[in-house]
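Student: Input: one structure, supplied below.
We did not get these values from a lab; they are worked out from the coordinates using the rules stated. Source: prediction; values computed, not measured. All Cβ positions, even for glycine, are placed from backbone atoms using ideal geometry, and neighbour counts span all protein chains on display.
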Amino acid sequence: MHKDRTRLFDIVLQNCVVIDGTGRRRFKADIGIQGKRIARIGRLRNEPADRRLDLKGLAVAPGFIDMHSHSDLSLLVNPRAESKVRQGVTTEVIGNCGASAAPLTGLVRDDIRNTWPEVRDGGLRLNWSTMCEYLERIRRAGIALNIVPLVGHGNIRACVMGFERRAPRKAEMSRMIQILRESLDEGAAGMSSGLIYPPGCYSETPELVQLTKVVAKHGGIYTSHIRNEGERLLEAVAEAIEIGRRAGVSVEISHHKATGQANWGMVKHSLRKIREARSGGINVACDVYPYTAGSFGLSSMLPTWAYEGGVKALVKRLKKAETRRQIEEEMEHERSQGEGALAAAGWDQTMIARCRSHPRYEGRMVERIASEMRKDLYELVFNLLQLEPSISVVRFMMDEKDVRHVMSRPYTMVGSDSSAAAPYGPLGRGKPHPRGYGTFPRVLARYVREERALTLEKAVMKMSRLPAAKLGLRKRGRIAPGMYADLVVFNPSTVIDRATYQQPHRYPTGIEYVIVNGVIVIARGRHSGLLPGEALSAPQCAEPS
């Protein structure tokens with residue numbers, strides 16, 4: 001096929017500086033695209049083409065793969081995936097941190113309805129139950145980029161056990177395994193866990209090993225928001241590695257970091273554990289986002305027992321003065337011991353990101369809000385959560401030196417830890433973490449161009465070939481004939497993120513074109529409105545033709 005010089009190319013990218021994703025040095029060439037695939041690379045100036053783009057001075061790389069995303073529901077609210085595709089992202093790994101869009105039965109549906117803001121803000125109906133039904137809903141609606149779905153361990157556990165704080169009984173474990181197998185058979189590429197969030201935090205290592213053995217047999221991946229990212233970071237990393245060893249499963253440690261100033265620098269030791277495990281034959285890696293703040297639900301700062309029974313039980317507990325005192329005393333005691341949520345970042349470093357009931361609080365620190373209102377800090381927090389359990393926060397917890405160190409490791413990939421957003425409509429509300437708009441351009445601008453902590457070739461490899469290999473996507477992540485035409489065209493001299501904590505809904509600049517499955521989605525900074533993305537199944541399944 002590639003030797004037929006009379007065949008018409010759909011698109012020819014001319015005068016490219018090709019960064020092919022393998023880490024090797026850039027080179028100049030033209031790229032010819034036929035249908036969904038790269039057909040030829042070389043000198044194509046005189047070849048016939050329906051469309052020809054002269055990209056002189058611009059770099060062409062494989063489309064970026066967001067290794068850690070939460071766009072499960074936002075893509076149903078706005079399938080254009082504006083904030084992601086404009087960064088050059090052509091594939092997102094969704095369903096992370098133990099929480100996925102499916103399966104949905106029992107308390108899971110109720111929990112998502114009350115804690116995922118996309119449901120209420122976007123008027124989204126959760127009218128599916130299985131992974132198959134969710135992915136069919138995605139296919140019918142269309143999406144601008146590809147997705148690799150994971151099934152959340154939290155979903156599986158809550159479907160069977162609710163939000164009970166105990167080990168599963170034999171029959172419950174069998175049912176959990178059955179649901180996991182069904183989800184994998186229906187298209188999930190693996191399982192994620194969120195071991196600081198209920199109900200995942202109620203599980204123990206043996207339960208996770210049993211489940212991940214099933215994942216391993218399916219050729220899938222296990223990603224984990226590990227059990228502790230602060231004072232017990234090394235124990236938590238060791239658990240993830242042990243699960244990989246005992247189950248024989250490929251492990252990805254999500255958004256690897258050390259939270260709390262007392263723990264800064266600990267990533268050098270945790271990364272050594274990862275390196276030693278890899279040398280011992282355990283397939284473990286990690287991902288990172290290029291910021292020193294994290295973001296999650298305000299309710300996750302409370303003791304995990306407060307969430308037993310689910311979100312309605314949490315709200316009910318917060319109505320009782322005695323329970324409020326118990327939660328406050330426990331959180332303050334943990335802080336005094338250098339443990340818990342407040343040891344990582346206090347209320348003066350915790351910013352309200354999204355609060356539908358009190359939008360004037362968005363972008364402001366909790367301590368400052370309480371001071372100006374002359375309210376007790378905990379009274380303010382409990383009142384807000386009682387009214388709106390889905391409030392999200394941004395917390396400033398990490399050290400820039402740690403972020404740079406994790407980013408520089410050869411087995412580290414890039415993940416935004418965010419959902420797709422847009423400056424308009426229901427996804428444009430609040431002041432979410434700027435990583436949703438800026439992660440990938442920020443790596444190219446800060447760590448490549450400004451600090452020279454990475455070469456451009458190595459940075460691109462972290463965003464393309466490494467995650468593709470980890471996920472088993474054999475026809476993506478590289479620029480070569482026969483590969484899917486997922487491509488990003490950018491200006492290495494000008495690409496930069498523009499989103500900030502106070503103005504997060506800002507697109508980056510320097511991303512000129514984004515092509516997904518051979519279709520131009522972004523052209524000179526404008527979205528075409530086309531939706532060529534696909535759901536990519538587990539590694540043992542054939543990719544779409």
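Student: So how far, in whole Å, is the C-alpha centre of the range 49-81 from the one of the range 178-245?
Tutor: Here the two parts' Cα centres lie 29 Å apart.
Student: Please arrange Phe396, Phe490, Phe27 by how many other C-beta atoms lie within 10 Å of their C-beta, fewest to most.
Tutor: Numbers: Phe396 18, Phe490 26, Phe27 11.
With the fewest neighbours first, Phe396, Phe490, Phe27 line up as Phe27, Phe396, Phe490.
Student: Hey, another quick one. Based on the mean of other Cβ atoms within 10 Å per residue, sort peptides 386-393, 267-274 so the most packed one is first.
Tutor: 386-393, 267-274
Student: Using the beta-carbon distance between Ala523 and Arg404 and R0 = 22 Å, what value does 1/(1 + (r/R0)^6) give for FRET efficiency, to the nearest 0.05?
Tutor: According to the calculation, E is roughly 0.05.
Student: Arranged by the count of other C-beta atoms within 10 angstrom, fewest first, what order do Ser336, Ser192 take?
Tutor: Ordered by Cβ neighbours within 10 Å, fewest first: Ser336, Ser192.
Student: Modelled label-to-label distance, Glu451 and Lys320, 7 Å Cα→beta-carbon offset: nm?
Tutor: My value for the distance between the label points is 4.7 nm.
Student: If the reach is capped at under 19 angstrom between alpha carbons, list the lysines near Lys217, excluding any in the same chain fewer than eight residues apart.
Tutor: Lys470
Student: Find how much the distance from Arg506 to Lys56 grows on full extension, using 0.36 nm per residue of separation minus their present alpha carbon separation; answer in nm with one decimal. Let's see the in-between values first.
Tutor: On the way: separation 450, 0.36 × 450 = 162.00 nm, distance 2.66 nm.
Length difference between fully extended and current span is 159.3 nm.
Student: So for the pair Glu242, Glu204, with labels modelled 7 Å out along Cα→Cβ, what separation do we get in nm?
Tutor: Distance between the two pseudo-spin positions: 1.1 nm.
Student: So, in nm, how far is label Gln386 from label Ser129 when the simple model puts each one 7 Å beyond its Cα toward the Cβ?
Tutor: Roughly 3.6 nm, to one decimal.
Student: Lys319: which lysines have alpha carbons under 29 Å from its alpha carbon, excluding same-chain residues fewer than 8 sequence positions away?
Tutor: Those lysines meeting the cut-off are Lys375, Lys431.
Student: Less than 9 Å Cβ to Cβ from Leu456, Lys/Arg counted +1 and Asp/Glu -1: what total charge do the surrounding residues give?
Tutor: On the way: positive: Arg26, Arg449, Lys458; negative: Glu457.
Computed value for this residue: +2.
Student: By average Cβ neighbour count within 10 Å, what is the ranking of 168-176, 475-483 from highest down? Can you show the working numbers first?
Tutor: Working: 168-176: 14.8, 475-483: 20.3.
So the peptides 168-176, 475-483, ranked by packing, come out 475-483, 168-176.
Student: Pop the C-beta distance of Thr304 and Thr494 into the FRET formula with R0 = 41 Å and round what comes out to the nearest 0.05.
Tutor: 0.35
Student: Identify which of the listed values of Cα Rg over 2.2 N^0.38 Å was calculated from the structure shown: (i) 1.04; (ii) 1.10; (iii) 0.94.
Tutor: Checked against the structure: label (iii).
Student: In whole Å, what is the distance between the alpha-carbon centres of the range 324-381 and the range 474-497?
Tutor: Each part's Cα centre sits 42 Å from the other's.
Student: Here's something else I'd like to know. Which FRET efficiency, nearest 0.05, do Arg139 and Arg113 yield, Cβ-Cβ r, R0 22 Å?
Tutor: The formula returns an efficiency of 0.45 here.
Student: Determine, for Ile177, Ile282, Ile253, the number of other Cβ atoms within 10 Å of each Cβ, and report the residues in order from fewest to most. Display every interim value, and only then the final one.
Tutor: Working: Ile177 17, Ile282 20, Ile253 27.
With the sparsest Cβ surroundings first, the list reads Ile177, Ile282, Ile253.
Student: Where a ≥ b ≥ c are the square roots of the eigenvalues of the C-alpha gyration tensor, would you call the range 418-540 rounded, which needs a/c under 1.5, or, failing that, prolate if a/b is larger than b/c, or oblate?
Tutor: In terms of gyration-tensor shape, oblate.
Student: Quick check on the range 281-390: take the gyration tensor over C-alpha atoms, sort the square-rooted eigenvalues as a ≥ b ≥ c, and tell me if it's rounded (a/c under 1.5), prolate or oblate.
Tutor: Cα axes put the range 281-390 in the prolate bin.
Student: Just subtract the alpha-carbon distance of Leu530 and Arg429 from 0.36 nm times their residue separation and send over the number in nm, one decimal.
Tutor: Numbers: separation 101, 0.36 × 101 = 36.36 nm, distance 2.39 nm.
Using 0.36 nm per residue and subtracting the Cα-Cα distance, I get 34.0 nm.
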